[in-house]
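Here's the structure, in structure tokens; my notes come after.
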Amino acid sequence: MENIFFENWATIARTLIIGTLAYASLILLLRISGKRTLSKMNAFDLIITVALGSSLATVLLNKDVTLAEGVIGFAVLIFLQFIVTWLSVRSNMVKSYIKSEPTLLFYKGEYLIGAMVSERITKDEIMATAREKGSGGMNTLDAVILETDGSMSAINKITHKESILGTVNLSDTD
């Protein structure tokens, strides 16, 4: 029967050495590529972040993947992320495929049911956001917005609609 707790000292040493070098390589590549690479601005960014983590784990634990292959994998993912984000700030067509718009879910005391159904968000989740943000209740809020990264923002009572909404889709408020 194979021992599942310890194989030999060579595998432990490999994991320590490759893990340290792979981690350092990933940090170096991330520093070179800039802050935007690991941002969580939308689903695409989240996918890249998860893929980088999965790649690191593969390099660390899979004996069949060399350090060089792992570093090339990191570089490819980071380069593709860079290209897509570079294109998305220069092309509205690319931007429309990559990024979503924030969605207004609650506004001036009313739940926007159409938006909630479309985004698969319940009243309970909106109320949880209000509590999480320290609101005294829905009556103290003007708006709850589903952001492009999937998080929700709660906006306290304000006087000017334009000051908070900017590019938020207002189609459900009319």
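The values are calculated or read from the model by the stated rules, or taken from the named source; none is laboratory data. Quick caveat: nothing in here was measured; it's all calculated off a predicted structure. Every residue, glycine among them, receives a Cβ derived from its backbone with ideal geometry; neighbour counts consider all protein chains shown. The protein model used for the area step is the full one, side chains on, heavy atoms only, and it has no ligands, DNA or RNA in it. Shrake-Rupley method; radii C 1.70, N 1.55, O 1.52, S 1.80 Å.
Some notes on this structure:
- Hull volume per residue, based on the alpha-carbon atoms of the chain and their convex hull, is 189 Å³.
- Dipole magnitude of segment 1-153, debye to nearest 20 (Cβ charges: Lys/Arg +1, Asp/Glu -1, about Cα centre): 480 debye
- Expressed as a whole percent, the accessible surface of segment 1-137 that belongs to carbon and sulfur atoms is 66, based on a 1.4 Å probe.
- Over segment 1-58, the Kirkwood radius and the radius of gyration, each from Cα atoms, give a ratio Rg/Rh of 1.15.
- Distant-in-sequence amide H partners of F106 (H built 1.01 Å from N, under 5 Å): L112, V144
- Note that segment 101-113 has calculated 3J(HN,Hα) couplings of 9, x, 10, 6, 10, 9, 8, 6, x, 10, 7, 8, 4 Hz, one per residue in order, obtained from phi through the Karplus relation 6.51 cos²θ - 1.76 cosθ + 1.60 (θ = phi - 60°); glycine and proline are x.
- Rule-of-thumb Rg ratio for segment 1-102 [Cα; 2.2 N^0.38 Å; N residues]: 1.34
- The chain, accessible area per residue, ligands and nucleic acids excluded (1.4 Å, Å²): 65 Å²
- Mean residue ellipticity (222 nm) of the chain, computed from DSSP H runs ≥ 4 via -39,500 (n - 2.57), nearest 500: -17500 deg cm²/dmol
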